[in-house]
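A.B. asks: After the structure tokens below, expect a handful of questions from me.
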Amino acid sequence: MTALLIAVLGFFLAYAIYVATLTARQSRGPEDYLDGGGDLPGWCFAFAATGILLSALGLYDHHLLQALFGLQYNHVALGIILAALAGAVVQKRLWLAARITGLRTLGDLIGAYYGSTALRILLLILLLLFTLPFAAQSLGRLGLVVEAASQGQVPRTGAVWVMAVFLFLGGVIGGWRAVIYVIAGQTLLLLTLIALTTGVGALTLDWIAVLGGDLPAAPGVLAKQIPGVIQYSSGLGKEATSGGIWTTTAILSAALPLVGILLSPAFVFLAITTARGKGFAFNQVWMTSGLGVGAMLLLTPLIGAGIGLAQPDALAEGTISYASLLLQFLAIDQLYAVGLALMLVTALQIPVAVFAQAGANLFVIELFGRYVMPGLSARDRRLAARVTLAVVFVLIAALASFAPLWAEIFGAMTLSLSVQFFPAILGLCWVRWISRGAVITGLIFGILLVVFTEPLGLILFEGLFVELPWGRWPLTIHSAAWGLAFNLAACLLISIFTLSAPDRSNRERLHAIFARDHKQGASSPALRTALWSLILIWAFFAFGPGAILGNWFFSEPIFSDTALTLAMPSLWIWQIVFWFLGVFFVWWLAYQARLSIIEMPVKTHLSLEEGRSSFGQLTPGFFARILERVAKR
Amino acid sequence: MQSKDEGEAVIGRLDRHVLVLSFWLPLGFLALALFTRGLDLGNHWLVAGAFVAVLVGFLGHVIANAVYRTFFTSRELALGLVVYLLALLSFLLALLLGSERIEALFAVIGLGFLALALGVIAYLVIHLGVRRAFEAFDVISDFRTRRKLEEPDS
């Protein structure tokens, strides 16, 4: 199988380099390398954004967690619809703000809108977390998959470095546009391979039968039920939960990191560099909420069950992996085993490619081109981006090879930290009275809460000082929700006292243009109120406390004493029903309310930083003196 | 240096090309996986699935054409015809050599080839109309017209 696996992986890597070469040859200028010319086709965004969302959610972990927790974890996939809803709310406005102001990145937009260098720095730190540990986490797991699939013939470290070299080649040749082209194709490949893997397992390994009968799960876990609305547990690592950790509170709070993917600087950069049209709407409704969530809800539970069935002893010990499943597939047909390995490799490789490329390009635009060497020509900026990409890939591969634990620790909290920028982005897009001070204070609270409900803060604090009374995700609430709750509370409270802050007039200018030229007034206020009320009710029952009803709703109908025998668990039917409803609401927002459709071309006509261009002279004095001294030697 | 319009046109062609590849990449793999497995097991459904995957790929190609308001490029036509004819020849050769696997799957493979041909013809007729679709393949009249043009006036 190893030879076939290498051949297939080689073919897809060669495809990536072919696309990169074509893109480089058709380039309209050096700046295209950095942002793809700012006119990526709508289908590119529609496909690639779904792939990034599904793979950054962690498809690798998703199957393993489904094997351990059964359908209660499957419910988390409904949270992707929350991400699609968040996309409908902010993506178009971010795109408009970028075009109106001529700024190209989230850091530049937020920094200029709030007039804050602190926010720029915080966003650069977030970018660094996505670019290095988050990407390294994926690359490390990719090495594990290749090692398991080749039965040890290709060592993990070797796979990591070879893959890093090929991904680097694709990025360094073709730039941003080529990377997104390739990811768009890989997204379709990923969805096809999920379907193929499930089909093979269902037809030859009898996976379908387990859903009607006993769904495998770790001992003591309710495989076909949600274990309550909330559990008063001190958190993972401190106190065990009863029946599993995925309570409705855990499911709701775990949906927030998915929004974090959407708000990451790389994802926003992808949105900003997309051409106007219906790409956002098509992505949010049909690709992400429709195909993406459908594949996750309907197909991946079978793969999870297959992993559990392939290694019952390991499942009992909680030490499952893909190795046994790969061997089972190998016994059927080696091309199917390669298909399974390729599905995992594709899902793990997408975040590495996109976050590394976006990281390198954004560092050049936001840091290098702005502060370090602002006078660089477009050609030199492209060179700087290529050198930065090389450095980024070396660091990612080194982290994945030699410090995978640290990559896991930092990578684990990256999405939770990303969602802490939601109030800042909401302010930029819709809420003009959210002030700079409020955003920064909220962020400080949010970041602290995230760090101290994730392994990093717990390990450091308990190692240095005293034992903390809580563990990871106390009360079965995800760290993202802990952070966001305190973040929003602080942000809203401080905004009340800073309604007439001196920087408000600067913010008002952007909102005045939104209100004048891009008014969202297609539907009546009553209809809008009805829509948002229905969405809240849907969210309450889909993944809020009301989801607990799904445990028995279809198998033990209310107002009746009879128990029905169904071909599939009641919870699964509940998930499917609320998936359909979710797609409908996203469609309503994206298409009917026109929140995700951009019809009119937009011209740059507002400078949020008077007298400063995107690449203006902004080098701090001390830095300029150091540079001058070094340059003169 | 390209003009702005030329640059846009080139990027448009590149966008379309990559979209077409994005459709064929996964569906080609799927078709291959299903066909080889179907051939090994002598399973009609798997072989039929492989042909359905190819038809879906073709449909994706047609969608790409519609999105970018184009037709198949000459390279795509040439590649498609060569692959189709090679596959058809391999099928007929295997039948002539008396391959038992192929004989067992004769009906489904034959129908698959027929479905592909009908799919292409249906697209041509819908896109070009019956007359222009026929003219596209009417090599003889094309040849005559060209010869007339090349002949010096007598």
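The values are calculated or read from the model by the stated rules, or taken from the named source; none is laboratory data. Because the structure is predicted, anything quoted here is derived from the model rather than measured. Every residue, glycine as well, gets a Cβ built from its backbone with ideal geometry; the counts of neighbours run over all protein chains shown.
A.B. asks: Is it true that A:LEU348 is over 30 Å from A:PHE585 (Cβ atoms) and in contact with a helix residue (DSSP H, G or I) (Cβ under 8 Å, 6 or more places away or on another chain)? Working first, answer last.
C.D. replies: Working: over 30 Å from A:PHE585 (Cβ atoms): yes; in contact with a helix residue (DSSP H, G or I) (Cβ under 8 Å, 6 or more places away or on another chain): yes.
Here the answer is yes, as A:LEU348 does meet what is asked.
A.B. asks: Does A:LEU549 satisfy being surrounded by 19 or more Cβ atoms within 10 Å (Cβ to Cβ) and at pLDDT 90 or above? Can you show your working first?
C.D. replies: Details: surrounded by 19 or more Cβ atoms within 10 Å (Cβ to Cβ): no; at pLDDT 90 or above: yes.
For A:LEU549, the condition - surrounded by 19 or more Cβ atoms within 10 Å (Cβ to Cβ) and at pLDDT 90 or above - is not met.
A.B. asks: Name every residue in the stretch A:142-158 that is surrounded by fewer than 24 Cβ atoms within 10 Å (Cβ to Cβ) and on the phi < 0 side of the Ramachandran plot, in order of residue number. Please lay out each step first, then the result.
C.D. replies: Kept after step one, since they are surrounded by fewer than 24 Cβ atoms within 10 Å (Cβ to Cβ), are these residues of the stretch A:142-158: A:144, A:147-148, A:150-158.
Matches in the stretch A:142-158: A:LEU144, A:GLU147, A:ALA148, A:SER150, A:GLN153, A:VAL154, A:PRO155, A:ARG156, A:THR157, A:GLY158.
A.B. asks: Have a look at B:PHE58, B:PHE23 and point out the one that is facing chain A (nearest Cβ under 9 Å), touching a residue at least 12 places away in the same chain (Cβ under 8 Å) and among the aromatic types (Phe, Trp, Tyr).
C.D. replies: Values: B:PHE58 fails: facing chain A (nearest Cβ under 9 Å).
None of the others qualify; the one that does is B:PHE23.
A.B. asks: Suppose we filter the stretch A:396-408 for residues that are of a type outside the set (D, E, K, R), part of a helix (DSSP H, G or I) and surrounded by fewer than 19 Cβ atoms within 10 Å (Cβ to Cβ); how many remain? Steps first, answer last, please.
C.D. replies: First pass over the stretch A:396-408, keeping only residues of a type outside the set (D, E, K, R): A:396-407.
Next cut, part of a helix (DSSP H, G or I) only: A:396-402, A:404-407.
Now drop any that are not surrounded by fewer than 19 Cβ atoms within 10 Å (Cβ to Cβ), which leaves A:398, A:402, A:405-406.
Counting residues in the stretch A:396-408 that are of a type outside the set (D, E, K, R), part of a helix (DSSP H, G or I) and surrounded by fewer than 19 Cβ atoms within 10 Å (Cβ to Cβ) gives 4.
A.B. asks: Still on this model: Applying the selection to the stretch A:309-327, what residues are crowded, with 24+ Cβ neighbours inside 10 Å and closer than 10 Å to A:ALA67 by Cα?
C.D. replies: Matches in the stretch A:309-327: A:ILE320 only.
A.B. asks: Tally the residues that are of a type in the set (Val, Ile, Thr) and surrounded by fewer than 20 Cβ atoms within 10 Å (Cβ to Cβ), restricting the search to the stretch B:48-61. Give the steps one after another, and end with the answer.
C.D. replies: Residues of the stretch B:48-61 that are of a type in the set (Val, Ile, Thr), as a first pass: B:52, B:54, B:56.
Narrowing the set further to residues that are surrounded by fewer than 20 Cβ atoms within 10 Å (Cβ to Cβ) leaves B:52, B:56.
Counting residues in the stretch B:48-61 that are of a type in the set (Val, Ile, Thr) and surrounded by fewer than 20 Cβ atoms within 10 Å (Cβ to Cβ) gives 2.
A.B. asks: Let me ask something else. Do we have any residue at all in the stretch B:115-129 that's within 24 Å of B:LEU41 (Cα to Cα) and either touching a His at 6+ places or on another chain (Cβ under 9 Å) or modelled with pLDDT of 90 or more (or both)?
C.D. replies: We begin by selecting, within the stretch B:115-129, every residue within 24 Å of B:LEU41 (Cα to Cα); these are B:115-116.
Okay, now just the ones that are also either touching a His at 6+ places or on another chain (Cβ under 9 Å) or modelled with pLDDT of 90 or more (or both), so B:115-116.
Yes; the residues of the stretch B:115-129 include at least one that is within 24 Å of B:LEU41 (Cα to Cα) and either touching a His at 6+ places or on another chain (Cβ under 9 Å) or modelled with pLDDT of 90 or more (or both).
A.B. asks: Moving to a separate point now. Out of curiosity, is B:LEU46 at the interface with another protein chain (Cβ under 8 Å from one of its Cβ atoms) and assigned to a helix (DSSP H, G or I)? Walk me through it before giving the result.
C.D. replies: On the way: at the interface with another protein chain (Cβ under 8 Å from one of its Cβ atoms): no; assigned to a helix (DSSP H, G or I): yes.
Spelling it out, it is not the case that B:LEU46 is at the interface with another protein chain (Cβ under 8 Å from one of its Cβ atoms) and assigned to a helix (DSSP H, G or I).
A.B. asks: Still on this structure: Any chance the stretch A:374-387 includes a residue that's at pLDDT 95 or above, out of contact with any Cys (no Cβ under 7 Å at 6 or more places or on another chain) and either among the β-branched types (Val, Ile, Thr) or not in a helix (DSSP H, G or I) (or both)?
C.D. replies: yes
A quick yes/no check of all residues on (1) at the interface with another protein chain (Cβ under 10 Å from one of its Cβ atoms); (2) among the hydrophobic types (A, V, I, L, M, F, W, C); (3) farther than 24 Å from A:LEU9 by Cα; (4) in contact with a His (Cβ under 9 Å, 6 or more places away or on another chain):
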site	(1), (2), (3), (4)
B:ARG13	yes, no, yes, no
B:LEU32	yes, yes, no, no
B:SER74	no, no, yes, no
B:LEU81	no, yes, yes, no
B:LEU92	no, yes, yes, no
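A.B. asks: Any chance you could count how many residues in the stretch A:416-445 are in a helix (DSSP H, G or I) and either of a type in the set (Lys, Arg) or free of Cβ contacts under 8 Å to residues at least 60 places away in the same chain (or both)? Step through it out loud before you land on a result.
C.D. replies: In the first step, residues of the stretch A:416-445 are kept if they are in a helix (DSSP H, G or I); the result is A:416-429, A:436-445.
From the residues that got through so far, the ones that are either of a type in the set (Lys, Arg) or free of Cβ contacts under 8 Å to residues at least 60 places away in the same chain (or both) too are A:436, A:441-442, A:444-445.
Within the stretch A:416-445, residues that are in a helix (DSSP H, G or I) and either of a type in the set (Lys, Arg) or free of Cβ contacts under 8 Å to residues at least 60 places away in the same chain (or both) number 5.
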